[in-house]
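Heads up: the structure comes next, in structure tokens.
The values are calculated or read from the model by the stated rules, or taken from the named source; none is laboratory data. Computed from a prediction, not measured in an experiment: that's the story for all the values here. As a convention, Cβ positions derive from the backbone with ideal geometry for all residues, glycine included, and neighbour counts pool all protein chains shown. Accessible surface areas use protein heavy atoms only, side chains included; no ligands, DNA or RNA. Shrake-Rupley method; radii C 1.70, N 1.55, O 1.52, S 1.80 Å.
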Amino acid sequence: MEEAKVIINPIAPEKVAESPGLMEYAHTAGGAVIRPEDKGKITGRAVTAMREQTDLQLSQLYKQMQLLAEQATAIRNRVEISERIYSAQMSFEPVVGHTYYFYTRKNGTDLLSMVAPNEWGRKFPFERCLATVRMMADHTWDVQYHETNFETMSDER
């Protein structure tokens, strides 16, 4: 039998890695170049992306807050006009969903009526019709304000 040849490694044993695939750098001359990442760039990109997202979310929240503030103001105005309508003279009980007319007399008092401004005939008995109102289910009033002065219209007839 032939004797086994002993192969001697020309590289010093302290320069050979046991697990070269787990090294954090290329272990051969033809290996991929591995450069350490610049931590400042990574952090900068992450912070920029985070700021863009949070600015977008804050903008959306701000728009929602504005909408809620507008809705609260509209409700407050509806309550104020509803209180004025309820303090006006009325000779009937208003029904939810029905339309009525809110007038101001020449002496400054208010009146709620079922008669529309154009149904009064020759003589318009009020200073003006402020609004057409409809009672809503919560007993507040949906108000459509009038720009027309019906007194001058009745004078022209």
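Within the range 33-50, is there a residue that is within 40 Å of the chain's Cα centre (by Cα), over 30 Å from G108 (Cα atoms), surrounded by 10 or more Cβ atoms within 10 Å (Cβ to Cβ) and of a type in the set (D, E, K, R)?
yes
Does the range 64-78 contain any residue that is more than 25 Å from the chain's Cα centre (by Cα) and touching a residue at least 24 places away in the same chain (Cβ under 8 Å)?
no
Residue by residue through the range 107-131, note down the ones that are of a type in the set (D, E) and free of Cβ contacts under 8 Å to residues at least 24 places away in the same chain.
E119, the sole residue that qualifies.
Are any residues in the range 1-32 open to solvent by 100 Å² or more (accessible area, probe 1.4 Å) and among the hydroxyl-bearing types (S, T, Y), and if so, which ones? Walk me through how you get there before you give the answer.
Applying the first criterion (open to solvent by 100 Å² or more (accessible area, probe 1.4 Å)) to the range 1-32 yields 1-3, 5-8, 10, 13-15, 18, 22, 24-25, 27, 29.
Answer for the range 1-32, where residues must be open to solvent by 100 Å² or more (accessible area, probe 1.4 Å) and among the hydroxyl-bearing types (S, T, Y): just Y25.
Return the only residue of I85, I81 being in contact (Cβ under 8 Å) with a residue 60 or more places away in the chain and closer than 25 Å to N118 by Cβ.
I81
When the residues of the range 132-141 are filtered to those that are free of Cβ contacts under 8 Å to residues at least 40 places away in the same chain and not in a loop (DSSP other than H, G, I, E, B), which remaining residue is surrounded by the fewest Cβ atoms within 10 Å (Cβ to Cβ)?
Among residues in the range 132-141 that are free of Cβ contacts under 8 Å to residues at least 40 places away in the same chain and not in a loop (DSSP other than H, G, I, E, B), the one surrounded by the fewest Cβ atoms within 10 Å (Cβ to Cβ) is R134.
I need the full set of residues from the range 87-98 which are within 14 Å of R134 (Cα to Cα), loosely packed, with under 14 Cβ neighbours inside 10 Å and not charged (D, E, K, R), in order please.
Step one: list which residues in the range 87-98 are within 14 Å of R134 (Cα to Cα), which gives 93-98.
With the extra rule that they be loosely packed, with under 14 Cβ neighbours inside 10 Å, the set shrinks to 93, 95-98.
Hits for the range 87-98 are V95, V96, G97, H98.
For the range 61-80, which residues satisfy the criterion of being over 17 Å from D142 (Cβ atoms) and open to solvent by 100 Å² or more (accessible area, probe 1.4 Å)?
Once the filter is applied, which keeps residues that are over 17 Å from D142 (Cβ atoms) and open to solvent by 100 Å² or more (accessible area, probe 1.4 Å), the range 61-80 yields Y62, K63, Q64, M65, L68.
Quick one: is E83 surrounded by 10 or more Cβ atoms within 10 Å (Cβ to Cβ), of a type in the set (D, E, K, R) and either over 28 Å from the mean Cα position of the chain (by Cα) or closer than 21 Å to A137 by Cα (or both)?
The answer is yes for E83.
Say we look at the range 109-127 and pick out the residues that are open to solvent by less than 80 Å² (accessible area, probe 1.4 Å) and outside any loop (DSSP other than H, G, I, E, B); which of these is modelled with the lowest pLDDT?
P117
Return the total of residues in the range 116-131 being under 18 Å from Y145 (Cβ atoms) and either among the small types (G, A, S) or over 40 Å from the mean Cα position of the chain (by Cα) (or both).
We begin by selecting, within the range 116-131, every residue under 18 Å from Y145 (Cβ atoms); these are 116-118, 124, 126-131.
Within this subset, residues satisfying the condition of being either among the small types (G, A, S) or over 40 Å from the mean Cα position of the chain (by Cα) (or both) are 116, 118, 124, 126-127, 131.
Total satisfying the criteria: 6.
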